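The values are calculated or read from the model by the stated rules, or taken from the named source; none is laboratory data. Since this is a predicted model, take the numbers as computed values, not measurements. All Cβ positions, even for glycine, are placed from backbone atoms using ideal geometry, and neighbour counts span all protein chains on display.
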Amino acid sequence: MKKILKLIIKFFAKILIQFLVKFNAGRYFIDEISNFIFQNKKIIEHKDLKLCFYVPNRLNFFRVDTFSSKEPETLKWIDTFKKQNVFWDIGANIGLYSCYAAKSRECKVYAFEPSIFNLEWLGKNVFLNKLVEKIVVISNPLTEIISQNTLNFSSAEWGGALTTFGQSYGHDGKDLKKVFQFSTLGISMNDAKNLLKIPQPEYIKIDVDGIEYLILKGGEKVLLNTKELLIEVNEKFVKQKNSCDQYLKKLGFDLKEKKRSDLFKNTDFSSSYNQIWVK
């Protein structure tokens, strides 16, 4: 019933918009509605810290509204950071955790996010929270070696995820249903540090929905000097899980804990866990 209702609303909304765009007044009306939606913001408070984020659609609203409950283990991990250390947020999306680390722990954050659908909101959220001096945005995807390839999207929504660079599979190892793609240049973690002169991180978060192991392989020199790492791994993607485990142990990391929110029980992400590795 809910799905049918959505289709009906979508159908009538499409007809209304097609009618309105025929007239200057109609286009002005649509522009005003769009501007109102694009400027919509939501303030959240976590542990007496206030942050404000743009919520231009339902997905962004969900991410912000569940800030404290979607990945509480990630927030608790960030709370343990030593102040003013360097944090690489790989797969930063709209910047929730980048902003939290920069504001709560005074970290210098390097936010890696290649999605053109998320970059605008990441940048706006950094500016909105007055963190321009604390957060550097890098739009290149990370991978094993410098390479030109396609960035493949399974969603074209603002705030969407499930994007992969240079591969045809997604977070679960299954074929990615592509709705959009473009060619871009991928770099490795080692290249980011050596060629782009990005400072060595004490802490790294990797949440890229499927190519985590390739990113690890391209970051040996960086990882050897990293204190802690949080990586999201889908345990049903056995090859990925085993490769990540073996590689991180080889570099001297030990698995401290793995957790996921109850929000993901009985969903497609019920087997995905945030693993925290330490030295």
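In summary, residue 69 fulfils each of the numbered conditions (1) buried (at least 22 other Cβ atoms within 10 Å of the Cβ); (2) in a helix (DSSP H, G or I); (3) of a type in the set (S, T, N, Q) with the single exception of condition (1).
Among the residues of the stretch 259-275, those that are farther than 17 Å from residue 91 by Cβ, free of Cβ contacts under 8 Å to residues at least 24 places away in the same chain and not acidic (Asp, Glu) comprise 265, 266, 267, 270. Across the stretch 198-213, a minimum of one residue is classified as buried (at least 19 other Cβ atoms within 10 Å of the Cβ) and more than 23 Å from residue 96 (Cα to Cα).
This table checks each residue for (1) outside any strand (DSSP E or B); (2) crowded, with 20+ Cβ neighbours inside 10 Å; (3) of a type in the set (A, V, I, L, M, F, W, C); (4) under 20 Å from the mean Cα position of the chain (by Cα).
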| residue | (1), (2), (3), (4) |
| --- | --- |
| 232 | no, yes, no, yes |
| 242 | yes, no, no, no |
| 263 | yes, no, yes, yes |
| 267 | yes, no, no, yes |
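Within the stretch 23-75, being of a type in the set (S, T, N, Q) and in contact (Cβ under 8 Å) with a residue 40 or more places away in the chain holds for 57, 60, 66, 69, 74. If the condition is being outside any helix (DSSP H, G or I) and either hydrophobic (A, V, I, L, M, F, W, C) or in contact with a strand residue (DSSP E or B) (Cβ under 6 Å, 6 or more places away or on another chain) (or both), then the stretch 244-253 contributes 251, 253.
Just one of the listed residues (50, 42) is outside any helix (DSSP H, G or I), at pLDDT 95 or above and under 30 Å from residue 256 (Cβ atoms), namely 50. Hey, any hits in the stretch 115-133 for a residue that's closer than 19 Å to residue 198 by Cα, polar (S, T, N, Q), in contact with a Cys (Cβ under 8 Å, 6 or more places away or on another chain) and assigned to a loop (DSSP other than H, G, I, E, B)? Checking the stretch 115-133: not a single residue is closer than 19 Å to residue 198 by Cα, polar (S, T, N, Q), in contact with a Cys (Cβ under 8 Å, 6 or more places away or on another chain) and assigned to a loop (DSSP other than H, G, I, E, B).
For the stretch 207-225, a residue qualifies if it is under 15 Å from the mean Cα position of the chain (by Cα) and charged (D, E, K, R), and the qualifying residues are 207, 209, 212. Annotation: residue 76 fulfils all but one of (1) within 17 Å of residue 101 (Cα to Cα); (2) touching a strand residue (DSSP E or B) at 6+ places or on another chain (Cβ under 6 Å); the unmet one is (2). Taking the stretch 102-128 as the search range and keeping residues that are touching a residue at least 60 places away in the same chain (Cβ under 8 Å) and farther than 23 Å from residue 188 by Cα, which one is farthest from the chain's Cα centre (by Cα)? Across the stretch 102-128, the extreme among qualifying residues is 128.
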